[in-house]
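Each remark here refers to the structure printed beneath this line.
Derivation of every value follows stated rules applied to the coordinates shown; laboratory data play no part. Just so it is clear, the model here is predicted, and its values are computed rather than measured. A quick note on method: Cβ atoms are made from the backbone with ideal geometry, for glycine too, and the neighbour counts reach across all protein chains shown.
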Protein chains: 2
Amino acid sequence: MELVSENRVAGGWHRRYRHQSQHTQCDMTFAIFLPEQVDNTQPVPVLYWLSGLTCTDENFMQKAGAFKRANELGIAIVAPDTSPRGEDVPDDPQQSYDFGLGAGFYINATQAPYDKHYQMYSYVSEELPALIEQQFPVSEKRAIAGHSMGGHGALVVGLKNPSRYCSISAFSPISNPADCPWGKKAFSGYLGEEHKAWLAYDACHLLEHSKDSLKVPVRVDQGEADQFLDEQLKPEALVKSAQAADYPLTLTMHPGYDHSYFFISSFIDAHLDFHAQYLK
Amino acid sequence: MELVSENRVAGGWHRRYRHQSQHTQCDMTFAIFLPEQVDNTQPVPVLYWLSGLTCTDENFMQKAGAFKRANELGIAIVAPDTSPRGEDVPDDPQQSYDFGLGAGFYINATQAPYDKHYQMYSYVSEELPALIEQQFPVSEKRAIAGHSMGGHGALVVGLKNPSRYCSISAFSPISNPADCPWGKKAFSGYLGEEHKAWLAYDACHLLEHSKDSLKVPVRVDQGEADQFLDEQLKPEALVKSAQAADYPLTLTMHPGYDHSYFFISSFIDAHLDFHAQYLK
């Protein structure tokens, strides 16, 4: 694991690291915020943040404005990249923004040529937490959050691993990827045309089939002026699925807010407070 | 004045506008944060933020994390661009990052071919405030702040116009541009080789000759791990000049912090609180 850069921020530290990933078979870069509490002997809990289409580990760390509250609460934040990277990693032949590089969708691809590197589900749910817990003074208390494609990722990773995460939150998630244009394009490319394979990565489907599983509190926030709301995000499908399964999910709609980091920065403190309740 | 974009943020609004500038003789883009208090009849005061080398109006607005506190305090923030822009605007023939486009240094150039468009001092100190006060529900209470080249700009604009600004603050300013590599390059290119012309835009010189002028409170913050500290920034020269003139300037050094927006975002709330004392 190689340190790429380091900045003091809000009393803690922002660091970027590069490491060789077994699952994605390439070098992966991630960022970590460590609160000043890591100087003490008490290990701190970790919030994993999954970013949206086109992002890297940098977007959240530069734009969300999360560090002051995270430092007060004593929570570390880890932000992975959104896809495998490198010369050997196949991109969308059309180089679109919503498939291939920067658009890994937090799933394990089964279709060539993507199946070799696009194993982001295993990377973010297994390999990265194991590395973090080995290398940093953190506890095994984990929460997961994300935005848009990363909101989908947070919901799917959290709902599929309820014993590993204390709480889940999402800004403007792609709630029902098996039934929206972004999701259909990504899932058919990475998973093939069989619809049944898609459902394993669809938050609505996972909620509907969660009756006998451990339940993790979920918070979702959505801007009403979000240009992708009706066609791509469909939070009402998420609420309907959660209600059918009696799942503890709350959706809050915010008039006037859009899909940008201006929305995330407006409510990230509320998300950190939400997670802090369950991480303590 | 044309609205370029609009985002709801932290209870208020972030908007970008384009307008034809008389002083820079080109289209200029600026950003404004309007707190929710503008919905009331009471006009709000304005903090002008001047950015550093290579920046546009966007860097501060996306990375500083200033909006929550600005909204609580009821302060609008205006961020201009850092130079004139456009096909007609001459850049450094070497296209360096520290001269020409993105590096206007908040001075009025006297040397061809820069003198036609590079009139950033008049733009930020006169034209832009007049436009803001005409177009938005703001008061004539103004403060000015900035980072690096913009910290130099805030000091110079504020010190040269003490009756127009209630308070001045700077992160990591180029304190003594007449005597550092960035400043010497910019001043010789924009103002010519005569050293006397440079002193009108040198904060140390302005402080030293401020004895009979109105004094405006100044706050300066500087990271001790800033890679540009010794060669380019020289805050100790600023303190020495302020002490010689009995000027109310405080410098706070911060161990471990660097030159990035991670430093700015860590202390922007303290700067907003500082300005709020004098803007009320």
Checklist entry - Is the stretch A:128-260 best put as rounded, prolate or oblate by its Cα gyration tensor, with a ≥ b ≥ c the root eigenvalues, rounded for a/c under 1.5, and otherwise prolate when a/b is larger than b/c, oblate when not? => result rounded
Checklist entry - Taking R0 as 56 Å, what's the FRET efficiency between residue A:273 and residue B:193 from their Cβ-Cβ distance, rounded to 0.05? => result 0.45
Checklist entry - Non-local amide H neighbours of residue B:257 (under 5 Å, H modeled in plane, Pro and chain starts lacking H): which ones? => result B:224, B:225
Item to check | Inter-label distance, nm, simple model (7 Å from Cα along the C-beta direction), residue B:200/residue B:163 | outcome: 1.9 nm
Checklist entry - Rounded to the nearest 5, what is the percent of antiparallel bridges among the DSSP beta bridges in the protein assembly as shown? => result 50 percent
Checklist entry - Can you give the average number of partner chain beta-carbon atoms within 10 Å of each beta-carbon in peptide B:162-169, as a whole number? => result 0
Item to check | Paramagnetic reach from residue A:227 in the stretch A:242-276 [backbone N under 11 Å; point 7 Å along Cα→Cβ] | outcome: A:259-260
Checklist outcome for this item: So, in nm and shortest first, the distances from residue A:194 to its counterparts in the other copies, with label points 7 Å along Cα→Cβ, work out as 8.3
Item to check | When the convex hull of its Cα atoms is projected in every direction, mean area for the stretch B:27-173 (nm²) | outcome: 8.7 nm²
Checklist outcome for this item: Of the convex hull drawn through the C-alpha atoms of the stretch A:4-81, the volume per residue in Å³ is 102 Å³
Next on the checklist: If I require 30 Å or longer along the helix axis, counting alpha carbons, and a Kyte-Doolittle average no lower than -0.5, what helices from chain A are left? Use full DSSP H segments.
Outcome noted: none
Next on the checklist: Going 7 Å from Cα along the Cα-Cβ axis for the label, what nanometre distances separate residue A:134 from the same residue across the other copies?
Outcome noted: 6.5
Checklist outcome for this item: Stretched fully, the stretch from residue B:211 through residue B:240 gains (0.36 nm per residue minus C-alpha distance, one decimal, in nm) 9.0 nm
Next on the checklist: Give me, ordered by chain and number, the residues 5 or more places off residue A:138 or on other chains with an amide H under 5 Å from its own placed amide H.
Outcome noted: A:44
Item to check | Under-5 Å amide H pairs with residue A:174, H placed in peptide plane, nonlocal only | outcome: A:148, A:149, A:151, A:152
Checklist outcome for this item: per DSSP, antiparallel bridges as share of beta bridges in the stretch B:2-277, % nearest 5, sits at 50 percent
Checklist entry - Which of the peptides A:78-91, A:142-155 is most tightly packed, and how do the rest follow, going by the mean number of other Cβ atoms within 10 Å of each residue? => result A:142-155, A:78-91
Checklist outcome for this item: Restricted to pairs 8 or more residues apart or on different chains, the lysines in chain A with C-alpha atoms under 13 Å apart form a number of pairs equal to 4
Item to check | Fraction of the pair-distance distribution of the stretch A:2-277 above 36 Å, Cα-Cα pairs, percent | outcome: 8 percent
Item to check | Estimated translational D of the stretch B:188-228 in µm²/s (Stokes, Kirkwood radius over Cα pairs; 4 °C; 1.567 mPa s) | outcome: 100 µm²/s
Item to check | Stokes-Einstein diffusion coefficient of the protein assembly as shown, Kirkwood radius over Cα pairs, 10 °C, 1.306 mPa s, in µm²/s | outcome: 64 µm²/s
Checklist entry - Which whole-number percent is the relative contact order of the stretch B:2-277 (Cα, under 8 Å, 6+ apart)? => result 17 percent
Next on the checklist: Using only the Cα atoms of the stretch B:190-280, what are the Rg and Dmax in Å?
Outcome noted: 15.0, 43
Next on the checklist: Label position 7 Å from Cα toward Cβ: report the copy-to-copy distances for residue A:163 in nm, one decimal, ordered from shortest.
Outcome noted: 7.6
